[in-house]
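Peer 1: This structure is in structure tokens; I'll ask about it shortly.
Please treat every number below as a calculation from the coordinates, not as lab data. None of these values were measured; they are calculated from a predicted model. Glycine also receives a Cβ, built like all others from the backbone with ideal geometry; neighbour counts cover every protein chain displayed.
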Amino acid sequence: MWRWIEEHAAARPQATAIGFEGEAIAYAGLQRRILACTAMLAARGIGRGDRVAFLGANHPAQLVLLFACARLGAIQVPLNWRLAAPELRFILEDSGAGLLLATADMAEAAHRALPPGCALLAAEAAEADAPAPAAMGGDDDPVLLVYTSGTTGRPKGALLDQRAVRTNALNAEHAFGLTAADRVLTVLPMFHVGGLNIQTTPALMAGAEVVLLPRFDPAAFLAALAAHRPTLTLLVPAVMQALVAHPGWAAADLSSLRAAGAGSSEVPLPLIEAFHARGVPVQQVYGATETCPIAIVQTRAEALAAPGSLGRPALHAAARVVDAAGRALPDGMPGEIQLRGANLARGYWQAPEATEAAFRGGWFASGDVGVRDAEGRYWFTDRLKHVIISGGENIYPAELERVLRDAPGVAEGAVCGRPDPRWGEVPVLVVVPGEGFDRDALLRHFAGQLARFKHPRDVVVVPALPRTVLGKVQVEALRALARGG
């Protein structure tokens, strides 16, 4: 994948690759930065298979590092800057990262999270004057280790090789009609495969321009629309809701946008209709960290023909719906969605049992329930996994329950999602109070241990948790209690 930038730099050196905070970085300039970063990494002993972490809001330095790692056959570990220091430290230790690059605004957080044996470097100054070594990385080399929240309370690292990233880019190119003439506005965080790989890296493969906003802000987004006239962008439901509710939405000129991708398993139809009413088709994208992520996707025509569907399998991917025994189901019958293709992760980092459970016979078990209709379109219906999706972020109850176990004044407790008009879902504690129970103190207990977006929003007090005869907490009964609370 490192050849993408090298080839565009040779063929169209002055074409803009990245726009960021008033700076236009041409493809030739981007290639120079990549070579300088490659030289710096090599000088620090980074080579094939070594892990290098990145902590920062959206910044050209993350893309420079990604392609430098690709040249060396090294692996980038993007870190979620919303995580608390203990969460970041766990990922750095679990991945075995020997080097952390952090942007200036994340320097303090990086110092707090830094484990022994991991060096820290300013991301903006990650270069060396020495010549870059010869490129070694290829399709078979892992290039991304992206951590996704784990059902056991600890995140798991999905290992994606360069072939997966290239295949994903081809899927995006086909679905969005990406060419060198496009300008992509990236506002979703690139520590997720969605913000990084649904449009951003595919745009660089195509030779298009990427306009980076450090973080999403509705006013900044609308200003970027006017200033840069992007042809494509990627959103999630919480971002779409913030835009539609913004005072500037009605007067905003959206005419440059050919389409907006929507990275979520379920996008509320009223939000889709709000964009369609402004002439912007919403192309839904379905997948997971483990699929890089594009696995099922709508083309522009499909977005207009079947709003709300997930679309059809991407050009270089396959999908099926299966029953509990793994047998393919006929159209119209709900079952688990499974995915296959060269875009799949190799598995989970140092977690063979989890890999075996999720990747079965070449298929990735999504944990989502869906149906395929007679036209071959897929529709999301429910989740098998007990996951909360809040503002586009996955929150696993086990993460909160691990912290809840140490909370004073709680005899027992569990965590589930509650529908929320702004975020889609929010986490709620359902607890049996013990001696010294204090609701406000319980909510404060999560501060500094988990990212703020994972913090519970409410506490529902019950005399006993709903359980099966075997003692397992009944998830649906728990959710009913949370809704009623």
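Peer 1: Give, in whole angstrom and from largest to smallest, the semi-axes √(5λ) of the equivalent ellipsoid of the chain, with λ running over the eigenvalues of the Cα gyration tensor. Display every interim value, and only then the final one.
Peer 2: Details: eigenvalues 243, 152, 103 Å².
Over the Cα atoms of the chain, the semi-axes work out to 35, 28, 23 Å.
Peer 1: Roughly what % antiparallel, to the nearest 5, for the DSSP beta bridges in the chain?
Peer 2: 60 percent
Peer 1: Give the calculated FRET efficiency between Ala134 and Asp458 to the nearest 0.05, with a Förster radius of 60 Å applied to their Cβ-Cβ distance.
Peer 2: 0.60
Peer 1: Indicate, rounded to the nearest 5 percent, the antiparallel portion of the DSSP beta bridges found entirely in segment 388-484.
Peer 2: 80 percent
Peer 1: Any chance you could run the full-extension gain for Arg346 through Asp373? It's 0.36 nm times the residue separation minus the Cα-Cα distance, nm to one decimal.
Peer 2: 6.7 nm
Peer 1: Compute the length gained on full extension between Ala180 and Trp249: take 0.36 nm times their separation in residues and subtract their Cα-Cα distance, giving the result in nm to one decimal.
Peer 2: Full-extension gain reported as 22.0 nm.
Peer 1: Compare the Cα positions of Pro307, Met136, Thr233 along the charge dipole of the chain (+1 at Cβ of Lys, Arg; -1 at Cβ of Asp, Glu; about the Cα centre) and return the one farthest towards the positive end.
Peer 2: Pro307
Peer 1: How big is the gap, in Å, between the Cα center of segment 430-485 and the Cα center of segment 73-137?
Peer 2: Between the Cα centres of segment 430-485 and segment 73-137 lies a distance of 35 Å.
Peer 1: Given 0.36 nm per residue, what is the gain on full extension from Ala57 to Asp420 after removing their alpha carbon distance, in nm?
Peer 2: The Ala57-Asp420 span can extend by a further 128.1 nm.
Peer 1: Could you give the distance between the Cα centres of segment 204-256 and segment 6-50, to the whole Å?
Peer 2: Here the answer is 25 Å between Cα centres.
Peer 1: A further question follows. Arrange the following residues from fewest to most other Cβ atoms within 10 Å of their Cβ: Tyr286, Tyr147.
Peer 2: On the way: Tyr286 29, Tyr147 25.
Lowest to highest Cβ neighbour count: Tyr147, Tyr286.
Peer 1: Here's another thing I want to ask about it. Using a 10 Å cut-off around each Cβ, can you sort Cys69, Cys118 from fewest to most neighbouring Cβ atoms? Mind showing how you got there, number by number?
Peer 2: Details: Cys69 30, Cys118 20.
Sorted ascending by nearby Cβ count, the order is Cys118, Cys69.
Peer 1: What do you get for GluC sites (Glu not before Pro) in segment 415-485 restricted to DSSP loop and a cutoff of at most 10 other Cβ within 10 Å of the site's Cβ?
Peer 2: Values: sites: Glu425, Glu435, Glu476; in loops: Glu435.
Qualifying residues, ordered by number: Glu435.
Peer 1: Fewest to most neighbouring Cβ within 10 Å: what's the order for His276, His59, His111, His445?
Peer 2: Neighbour counts put them in this order, fewest first: His111, His276, His445, His59.
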